[in-house]
Amino acid sequence: MSTSFDLLTRSNEYWIEVVDHLEKGNLEKASELTWGSIAELIKALALRKHNYEIKSHREIRGYVKKIATQLGDREMYDLFCDVEDLHRNFYDGLYDEAEVRIRIDEANRLILKINKLL
């Protein structure tokens, strides 16, 4: 089992790679790493605050929905859903650079929200 520190470290490492891949124009890889960074951050929050080990994509979504509902923060869940879409972009190449950049900006807003909860 990973510790919350391990998860946070991996989240940060992925985020650094997002910038690198975005600058190189590798939109699909930047998309996947954005999702990975957010997923690891959410897992860290769940483990640190609720001693809950998230093991699946579905559990990540459910946890974010639960936290957003408890906080009355609909924007948190909406941002998560937008970032979750980037995961699909890795496989399908759905979005152009402008859309990927918008979603990455949304991911950054979500990171700020989650970091306040850690």
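Only the coordinates and a few stated rules stand behind these numbers; no lab work does. The shown structure was predicted, so the numbers you read here are calculated from the model rather than taken from an experiment. Ideal geometry is used to build each Cβ from the backbone, glycine not excepted, and the neighbour counts take in all protein chains shown.
Of all residues in segment 28-36, none satisfies being surrounded by fewer than 14 Cβ atoms within 10 Å (Cβ to Cβ) and within 15 Å of the chain's Cα centre (by Cα). Evaluation of Ala39 against the conditions (1) closer than 16 Å to Asn115 by Cα; (2) of a type in the set (A, V, I, L, M); (3) without any contact (Cβ under 8 Å) to a residue 12 or more places away in the chain shows that the sole unmet condition is (3). Of the residues making up segment 79-100, those that are among the acidic types (Asp, Glu), farther than 15 Å from Ala39 by Cα and out of contact with any Gly (no Cβ under 9 Å at 6 or more places or on another chain) are Asp92, Asp96, Glu99. The residue that is farthest from the chain's Cα centre (by Cα), counting only those in segment 63-95 that are under 18 Å from Ile111 (Cβ atoms) and of a type in the set (Val, Ile, Thr), is Ile67. For segment 81-99, residues that are touching an Asp or Glu at 6+ places or on another chain (Cβ under 9 Å), surrounded by 13 or more Cβ atoms within 10 Å (Cβ to Cβ) and assigned to a helix (DSSP H, G or I) total 6.
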